[in-house]
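So the structure is just underneath, and the comments pick up after that.
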Amino acid sequence: METWPLMRMDSLCEITSSKRIFAADYVSEGVPFFRGREITEKYKGNLEVSTELFITENKFQEIERKFGAPKQGDLLLTSVGTLGSVYVVKAGDRFYFKDGNLTWFRNFKGLNSQFLYYWIGSPQGKAELQKCTIGSSQSAFTIVLLKGMEIELPPLPIQQSIADILSAYDELIENSQRRIKILESMARALYREWFVHFRFPGHELHPRVTSSLGEIPKGWEVRAVKDVSTVTYGFPFQSKKFTTDRIGTPVIRIRDILEGSINTFTDEDAAPKYHIKNGNILVGMDGDFHMCIWSSGHAFQNQRVAKFESNGEISNYHLFLALELPIQTWNKSIVGTTVAHLGDMHIKTIQIVWPPENILLKAREILEPMSEQVIVLKRQIQNLRHTRDLLLPRLLSGQIDVSNLPEPDAS
């Protein structure tokens, strides 16, 4: 096992923040203006981020000329609220960011920024970041404390090798995410064409008739979602029995629907109807009503998570796509005192268009292979992340000789 010198962070790079931008400078389009939210989305692997704020091109050029702007190889760290999300700026990135929310690491000397990215996510890095945390009601990192972080630093060639090994896993993950996005876009396009615009094979022979959902092709019906699927609401597990030590059965909570991963476990048991398996449709019932087709293996279904299971007449992916618009509509229209709540009273009102059997079968033939491939790709991503995360602390501590590691395998 190699030993490397301990170095202070401020001897290896400049640690700063951005020039303050005021609300009056925001515009509806232009150069993206990132907060912690957008960097966290990038950190989680989102190929596209939900950019809501922009500044003008002239404002960006003025700031870039006077103070500089993020460039390839710089690193940003979320430093208020959601702490510890990191992003290394890529070639072609062009954005500015909110001061205070993000800390900017740049002008590196003897430190590879990609290596720093992985170090921050390691046990050693997390321990150092914990020392930099202040605040009780809202946690934050301070630049002064971040400058004093200490890092065991291998020579630059070894830093590069470690970063290259771990980046190879991330590149495979990103490639799978792109493939998932393409498959999901194709499925949604087919659903819109056939079941929203009604341009399905042979549509010319079907005049439109009036229905409770507007005009639909003659011979089609409108059915309540609860007539074509079984809806199960989660079990009220005792939160005091929840653990994060991965002992017991994983429990899917609302936050896990979007992430697709679980960190909560319990030793309680639950009836079979609360058991989740790959392919189940899940919907969060509080806050933002996130949806997913589950792909992370067997787990229990916690309260305020709804499960939809097709009765077999309609394919699972078809049901998921049919639910998206009504769930999104309820998400926008339900207003709570603090957070929005989706309930059975809302779900039982959801109706979907129901075509003849031959159209249902054709949709199944196309959509189900797509859904199966998406689940396979998501499982591959989980396996790659698991292997990468096992390697990470061992590489950064010098326990593994970087010269003898094989290339990662997506399968």
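The values are calculated or read from the model by the stated rules, or taken from the named source; none is laboratory data. Given the structure is predicted, the values throughout are model-derived calculations rather than measurements. Neighbour counts run over all protein chains shown; Cβ positions are idealised from the backbone, glycine included.
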Give the residue that is farthest from residue 103 (Cα to Cα), with candidates limited to residues of region 28-64 that are at pLDDT below 95 and basic (Lys, Arg).
44
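Just one of 233, 191, 169 is in contact with a Lys or Arg (Cβ under 6 Å, 6 or more places away or on another chain) and hydroxyl-bearing (Ser, Thr, Tyr); which is it? Spell out the reasoning first.
Details: 233 fails: in contact with a Lys or Arg (Cβ under 6 Å, 6 or more places away or on another chain); 191 fails: in contact with a Lys or Arg (Cβ under 6 Å, 6 or more places away or on another chain).
That would be 169, the only listed residue that is in contact with a Lys or Arg (Cβ under 6 Å, 6 or more places away or on another chain) and hydroxyl-bearing (Ser, Thr, Tyr).
Of the residues 182, 151, only one is surrounded by 13 or more Cβ atoms within 10 Å (Cβ to Cβ) and at pLDDT 95 or above; which?
Numbers: 182 fails: surrounded by 13 or more Cβ atoms within 10 Å (Cβ to Cβ).
When all the criteria are applied, what remains is 151.
Do any strands (runs of 3 or more DSSP E) entirely within region 196-314 hold 2 or more residues that are modelled with pLDDT of 95 or more and among the β-branched types (Val, Ile, Thr), and if so, which?
208-211, 229-233, 249-252, 281-284
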Give region 9-56 a look and list any residue that's surrounded by fewer than 18 Cβ atoms within 10 Å (Cβ to Cβ), touching a residue at least 12 places away in the same chain (Cβ under 8 Å) and either among the acidic types (Asp, Glu) or not assigned by TED's automatic domain parsing to the domain that holds residue 96 (or both), or say none.
10, 14, 25, 29
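Which of the following residues is without any contact (Cβ under 8 Å) to a residue 24 or more places away in the chain and surrounded by 17 or more Cβ atoms within 10 Å (Cβ to Cβ): 265, 200, 237?
Values: 200 fails: without any contact (Cβ under 8 Å) to a residue 24 or more places away in the chain; 237 fails: without any contact (Cβ under 8 Å) to a residue 24 or more places away in the chain.
Only one candidate passes the filter, namely 265.
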Out of region 2-24, which residues are out of contact with any strand residue (DSSP E or B) (no Cβ under 9 Å at 6 or more places or on another chain) and under 18 Å from residue 113 (Cβ atoms)?
10, 11
Residue set 248, 260, 214; condition at positive phi, surrounded by fewer than 14 Cβ atoms within 10 Å (Cβ to Cβ) and assigned by TED's automatic domain parsing to the domain that holds residue 339; output residue 214
Which of the strands (runs of 3 or more DSSP E) found entirely inside region 26-136 contain at least 3 residues meeting this: under 30 Å from residue 154 (Cβ atoms)?
75-78, 86-88, 102-106
Do the conditions hold for residue 392, that is, is it aliphatic (A, V, I, L, M), loosely packed, with under 13 Cβ neighbours inside 10 Å and outside the structural domain of residue 45 (by TED's automatic domain parsing)?
no
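Please verify whether residue 122 is touching a residue at least 60 places away in the same chain (Cβ under 8 Å), in contact with a strand residue (DSSP E or B) (Cβ under 8 Å, 6 or more places away or on another chain) and not hydrophobic (A, V, I, L, M, F, W, C), treating the condition exactly as stated. Show your work before the answer.
On the way: touching a residue at least 60 places away in the same chain (Cβ under 8 Å): yes; in contact with a strand residue (DSSP E or B) (Cβ under 8 Å, 6 or more places away or on another chain): no; not hydrophobic (A, V, I, L, M, F, W, C): yes.
No, not satisfied.
Please verify whether region 95-111 includes one or more residues that are among the acidic types (Asp, Glu) and modelled with pLDDT of 95 or more. Write out each step before concluding.
As a first pass, look at region 95-111 and keep what is among the acidic types (Asp, Glu): 99.
Now restrict to residues that are modelled with pLDDT of 95 or more: none.
Checked region 95-111: no residue is among the acidic types (Asp, Glu) and modelled with pLDDT of 95 or more.
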First in region 172-190 and of a type in the set (Asp, Glu), second anywhere and part of a helix (DSSP H, G or I), Cβ under 9 Å, 6 or more apart
184/370; 184/374
Restricting the search to region 243-263, which residues are over 15 Å from the mean Cα position of the chain (by Cα) and of a type in the set (A, V, I, L, M)?
247, 251, 252
